[in-house]
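The values are calculated or read from the model by the stated rules, or taken from the named source; none is laboratory data. In this text the structure is predicted, and so the values were computed from the model without any measurement. No Cβ is skipped: glycine too gets one built from the backbone with ideal geometry, and neighbour counts run over all protein chains shown.
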Amino acid sequence: MKVSVDKIRNFAVAGHTSSGKTTLCDLMLFKAKAVERLGSVDHMTSVSDYTPDEQEKLSSIYATALNCAWNNHHFFFLDTPGYGEFIGETIAAIHSSDAVLLVVDGVTGLEVGTSKAWTLARERNLPRMFFINRLDRELSDFNRVLEQIQEAYGKTICIPITVPLGREKDLSKVVNVISGKDIPDDIAADVALYREKLMDAIAEADEELMVRYLEGQQFSDEEILKGLNKAISRGTLVPVFAGSSIKDIGVTELIDAIANLFPNPLAAGEKEMKDDKKLALKEDGPGMALVFKSIIDPFIGHLNFYRVYSGKFIAESEMFNRSSREKERYGSLMIVNGKIQTPITEALPGFIVAVAKLKSTKISNTISTVSGDMLFEPIPFPNPVMSYAVTAVKAGEEEKIMAGLIKIADSDPTIKLERNDETHEQLLRGMGDQHIHQVVKKLKNNNKIEVHLSSPKIPYRETITSKGEGQHRHKKQSGGHGQFAEVFLRVSPNPAGFEFVNDVFGGSIPKNYIPAVEKGVREAMVKGPLAGCHVENMTVAVYDGKDHDVDSSEMAFKIASRAAFKKAMQLAKPILLEPIQKVKIMVPSKYMGDITGDLNHRRGHILGINIEEGMEVVNAEVPLAEMARYASELRSLTQGCGSFEMEFSRYNQVPSIVAKQIIENYNKTVTEEEE
């Protein structure tokens with residue numbers, strides 16, 4: 001495949017779910033003659049949504065690599081999922097792109113998926129464009145959605161380049177604001193205003209043009225194009241396009257704009273790397289690429305996708321994984337359209353390439369044609385927000401389950417598999433219930449293994465609020481040597497953590513048994529007396545005791561210490577502590593009342609409400625116990641338009657009414673186990 005690097009365009013297509021991103025991508029491929037038949041999401045023939053899971057859901061789950069030629073240019077682009085639980089795919093795609101096309105539904109307007117994508121693009125200083133799609137639908141309104149976009153991101157930044165003629169079913173075509181041709185009288189004033197704002201943005205991007213603009217001179221077409229490119233690259237202009245991907249209205253104008261206005265892969269000159277290093281972007285020299293995606297292909301096995309930033313990769317060669325410091329031998333290089341794979345002989349800057357059967361290469365790895373220390377910044381995947389305890393349906397399959405889940409997690413960094421040492425549960429963590437169930441389904445289909453998911457236990461803690469003392473004598477005689485030890489303990493609160501103190505005087509407990517006393521205390525702290533939870537934040541002092549010349553032993557002192565500790569703690573006003581999460585919730589303003597009311601029911605404490613990227617943002621602190629199913633409940637409250645992030649904040653005392661129920665449930669469980 002012969003293509004000039006300055007004609008390559010690399011971009012991500014992003015936005016909220018059901019805004020028509022995939023339909024647009026399918027149409028772009030068809031119009032560019034990259035495919036013979038127009039794909040359809042509804043008919044399950046989409047080039048992009050080609051996996052059985054996506055066809056069943058009729059929605060994107062994965063970021064799909066696509067490519068096509070258009071007017072001497074070549075596009076490499078990624079169709080991303082808009083549903084919040086699959087945000088990891090979108091993050092990886094935008095992280096690996098030169099620009100972002102944001103698709104907005106002409107009916108529903110600005111939604112949380114759009115705001116997320118905008119934020120990701122803005123944080124990376126990527127050029128952006130908006131496409132207000134589905135303007136042929138009932139209740140669609142270009143002006144209303146444009147106003148939402150401008151209110152959120154700037155009236156002097158987000159400016160239309162095309163505007164629609166006709167509304168809803170009468171949508172007929174779009175007209176170009178810059179050319180000013182065929183403009184009906186009823187929108188002439190709006191078009192003139194948009195053109196003036198565009199000229200302002202063009203002039204501000206170039207000092208020479210600004211001088212001429214202030215002198216009242218007109219710009220040539222070439223100067224306008226140059227000015228648009230500068231303004232878009234700097235982020236001072238985000239052009240807005242109108243149309244309908246279903247009716248193929250305004251799409252040709254959009255594709256032309258992508259070719260003319262998005263930057264080529266070398267335009268930035270250099271790329272920020274890890275440890276404040278900079279990579280010079282050039283066509284020749286060593287190949288440098290970032291691995292951003294990994295899948296298990298049913299036919300050829302493990303498939304890694306990487307984005308070439310500089311230099312050239314040749315098929316049937318060696319590459320160096322700089323992250324793992326290992327050499328990899330590979331065969332074919334492939335560019336793809338969904339599941340359609342096309343071998344190529346070389347990959348240039350801007351290419352999105354698939355390579356099979358790399359042994360040690362994972363997502364976020366830096367690969368190169370030469371060894372070296374310069375690395376790309378790792379992709380910043382978010383922390384999971386939902387957990388399930390996972391167990392085998394069939395006995396003896398635990399190791400198979402772990403191996404299968406680890407393999408899946410390698411291709412999805414938003415999935416985490418970890419063991420909770422406090423609750424002794426194996427936890428499968430992800431971005432929501434649908435995300436986790438998708439993983440379980442994949443495990444069943446790929447590995448023929450079924451698992452059981454259950455709500456994880458909350459890792460409560462126990463501590464004390466006052467001082468207490470406890471004493472226990474352990475004495476046992478059963479022929480031969482007996483067992484004897486007596487221990488006196490004193491406990492007191494210690495916010496700094498745990499401290500063991502030896503306050504024994506006069507040798508009432510020999511020094512060689514003091515470590516056994518401490519071991520006994522630490523063992524007792526693993527399972528507290530209230531609800532069997534880990535005990536923390538206290539000072540424990542041993543101050544007296546007795547031993548026996550023959551019958552005392554380390555084991556006897558450990559047993560006596562455990563019992564003495566429990567007695568002391570029960571007299572020190574013990575309390576339960578629960579994990580508190582810091583939660584950030586993003587929703588459209590119309591759902592704010594439902595969200596704040598729901599948080600109050602969850603014992604949440606609202607810290608503040610503000611607006612970010614056009615969305616209402618609630619910052620709150622909520623007990624982890626109240627957040628177990630929040631991903632699905634938020635989806636229900638907001639009709640899929642909300643998203644949230646959370647991270648551990650601290651431990652707080654459990655309210656007495658709630659603590660009473662937790663302790664009763666624990667005692668009931670212990671009784672049942674004993675019976």
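All conditions but one from (1) out of contact with any helix residue (DSSP H, G or I) (no Cβ under 8 Å at 6 or more places or on another chain); (2) part of a loop (DSSP other than H, G, I, E, B) apply to M374; the one that does not is (1). Close Cβ contacts (under 6 Å, 6 or more residues apart or on different chains) running from residues in region 632-648 that are more than 12 Å from I595 (Cα to Cα) to residues that are hydroxyl-bearing (S, T, Y) and part of a strand (DSSP E or B) are absent.
What number of residues within region 518-539 are among the β-branched types (V, I, T), within 20 Å of Q471 (Cβ to Cβ) and either modelled with pLDDT under 95 or in contact with a Leu (Cβ under 8 Å, 6 or more places away or on another chain) (or both)? I'd like the intermediate steps shown before the answer.
Looking only at region 518-539, we keep the residues that are among the β-branched types (V, I, T), and these are 521, 526, 535, 539.
Retained after the next criterion (residues that are within 20 Å of Q471 (Cβ to Cβ)): 521, 535, 539.
Now restrict to residues that are either modelled with pLDDT under 95 or in contact with a Leu (Cβ under 8 Å, 6 or more places away or on another chain) (or both): 521.
Going through region 518-539 one residue at a time, the tally reaches 1.
How many of the residues making up region 200-224 are modelled with pLDDT under 85 and part of a helix (DSSP H, G or I)? Going through region 200-224 one residue at a time, the tally reaches 7. Of the residues I367, I296, I363, the single one that is assigned to a loop (DSSP other than H, G, I, E, B), surrounded by 14 or more Cβ atoms within 10 Å (Cβ to Cβ) and of a type in the set (V, I, T) is I363.
A quick yes/no check of all residues on (1) modelled with pLDDT under 95; (2) of a type in the set (A, V, I, L, M, F, W, C); (3) closer than 30 Å to R122 by Cα:
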| site | (1), (2), (3) |
| --- | --- |
| E613 | yes, no, yes |
| Y630 | yes, no, yes |
| F644 | yes, yes, yes |
| Y651 | no, no, no |
| K668 | yes, no, no |
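Out of (1) surrounded by 17 or more Cβ atoms within 10 Å (Cβ to Cβ); (2) in contact with a His (Cβ under 8 Å, 6 or more places away or on another chain), what's the single condition that is false for V526? Condition (1) is where V526 drops out. Picking from residues in region 116-137 that are part of a loop (DSSP other than H, G, I, E, B) and within 26 Å of the chain's Cα centre (by Cα), the one that is surrounded by the fewest Cβ atoms within 10 Å (Cβ to Cβ) is N125. Here V100 clears all of (1) under 19 Å from I8 (Cα atoms); (2) assigned to a loop (DSSP other than H, G, I, E, B) except the condition numbered (2).
Count, please, the residues in region 50-69 that happen to be out of contact with any Asp or Glu (no Cβ under 8 Å at 6 or more places or on another chain) and either surrounded by 18 or more Cβ atoms within 10 Å (Cβ to Cβ) or part of a loop (DSSP other than H, G, I, E, B) (or both).
The first filter runs over region 50-69 and keeps only residues out of contact with any Asp or Glu (no Cβ under 8 Å at 6 or more places or on another chain), leaving 50-54, 56-57, 65, 67-69.
Of the ones still in play, those that are also either surrounded by 18 or more Cβ atoms within 10 Å (Cβ to Cβ) or part of a loop (DSSP other than H, G, I, E, B) (or both) are 50-51, 54, 65, 67-68.
Residues flagged as out of contact with any Asp or Glu (no Cβ under 8 Å at 6 or more places or on another chain) and either surrounded by 18 or more Cβ atoms within 10 Å (Cβ to Cβ) or part of a loop (DSSP other than H, G, I, E, B) (or both) within region 50-69 amount to 6.
When T671 is tested against (1) more than 23 Å from K584 (Cα to Cα); (2) under 33 Å from the mean Cα position of the chain (by Cα), only condition (2) is not met.
Just the residues that are under 30 Å from K442 (Cα atoms), touching a residue at least 60 places away in the same chain (Cβ under 8 Å) and among the hydrophobic types (A, V, I, L, M, F, W, C), please, taken from region 255-300.
Of all residues in region 255-300, those under 30 Å from K442 (Cα atoms) come to 289-300.
Then keep just the ones that are touching a residue at least 60 places away in the same chain (Cβ under 8 Å); that gives 289-296.
If the condition is that a residue be under 30 Å from K442 (Cα atoms), touching a residue at least 60 places away in the same chain (Cβ under 8 Å) and among the hydrophobic types (A, V, I, L, M, F, W, C), then A289, L290, V291, F292, I295, I296 are the ones that fit.
Considering only residues in region 58-104 that are of a type in the set (S, T, Y) and in contact with a helix residue (DSSP H, G or I) (Cβ under 6 Å, 6 or more places away or on another chain), the one that is nearest to P239 (Cα to Cα) turns out to be T80. Considering only residues in region 138-177 that are under 32 Å from the mean Cα position of the chain (by Cα) and basic (K, R), the one that is surrounded by the most Cβ atoms within 10 Å (Cβ to Cβ) turns out to be R144.
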